[in-house]
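A short reminder: the numbers here are calculations on the coordinates, not readings from a lab. Keep in mind the model is a prediction, meaning the values are calculated, not measured. We place every Cβ from the backbone using ideal geometry, glycine too, and count neighbours over all the protein chains shown.
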Amino acid sequence: MEKLIIFSAPSGSGKTTVVKHLLSVMESTLAFSVSATTRSPRPGELNGREYHFLQLEDFRQKIKDGEFLEHEEVYAGILYGTLWSEVRKIWSEGKAVVFDVDVKGGLNLKRQFGDQALAVFLRPPSVDVLMERLTKRSTEVEHQLKERIAKANYELSFESQYDTVIVNDKLEETFVNCEKLVSDFLSES
Ligand code: ADP
Ligand code: 5GP
């Protein structure tokens, strides 16, 4: 069966960290769905690796052309979306697709794919810890940081709609829990 593994959580919960780890230890079975976004690249991010960085008009054209499985305005004026082309390419390589998407996008994918998809909610131990991690990451300017923190409580309310919740406290434990979760899901027929 063609499978999907969805990681959603408020910004700063550790999705990128966990997804990168899983991709490195399960390279032959998993591949990352590189989303499109209209935000600017952060230092160190490469077009086509972390995201396909698009101008707003190009993103809008792709919506019209039906190129997205789902798309959301995750932050004011900033669009993110999952491309069909990414998912098809990964499935054609015989791998399961891994997604790092916002809480609404994750549930949208789960609705579309049902048992083909495992929807994982990665939760920080507390909102205070989340704030601390986001602030330390230092990737957002002040108003963006505030917007992300303000949205966290809303996003945390989606937790119960996910297949499973992992609390990302000690990173090594999170890695082990996620590896087991994903291996078990992939071994189900
Ligand atoms: P997201 O992709 O959900 O926005 P990141 O993976 O970028 O989150 O993690 C946010 C920050 O927190 C990063 O600087 C990351 O190194 C750090 N981090 C992630 N998980 C943990 C953890 N369990 N303990 C401490 N710091 C963590
Ligand atoms: P960041 O700007 O920190 O990379 O991501 C911001 C948020 O957008 C995160 O919650 C991330 O999961 C989400 N995101 C990334 N790609 C997609 C996508 O294709 N679809 C949706 N719905 N959200 C996405």
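Points to keep in mind about this one:
- Taking 25 °C and 0.890 mPa s as conditions, the chain diffuses translationally at an estimated 145 µm²/s according to Stokes-Einstein applied to its Kirkwood radius (Cα pairs).
- Of all aspartates and glutamates in the structure, the ones whose alpha carbon falls short of 12 Å from that of residue 151, not counting any fewer than 8 places away in one chain, are 102.
- Modelled label positions at residue 167 and residue 115, each set 7 Å beyond Cα in the direction of Cβ, lie 3.1 nm from each other.
- Anchor residue 62: aspartates and glutamates whose Cα lies under 18 Å away (excluding residues fewer than 8 positions away in-chain): 70, 72, 73, 86
- Counting only DSSP H runs of at least 4 residues, each contributing -39500 (n - 2.57), and dividing by the residue count of the chain, the helix-based mean residue ellipticity at 222 nm comes to -13500 deg cm²/dmol.
- Distance from the Cα centroid of region 111-139 to that of region 160-187 is 12 Å (rounded to whole angstrom).
- Using R0 = 22 Å, the C-beta based FRET efficiency linking residue 89 and residue 58 works out to 0.70.
- Over region 89-181, the hull volume per residue, using the convex hull of the C-alpha atoms, is 134 Å³.
- Between residue 143 and residue 24, the simple spin-label model (points 7 angstrom out along Cα→Cβ) gives 3.6 nm.
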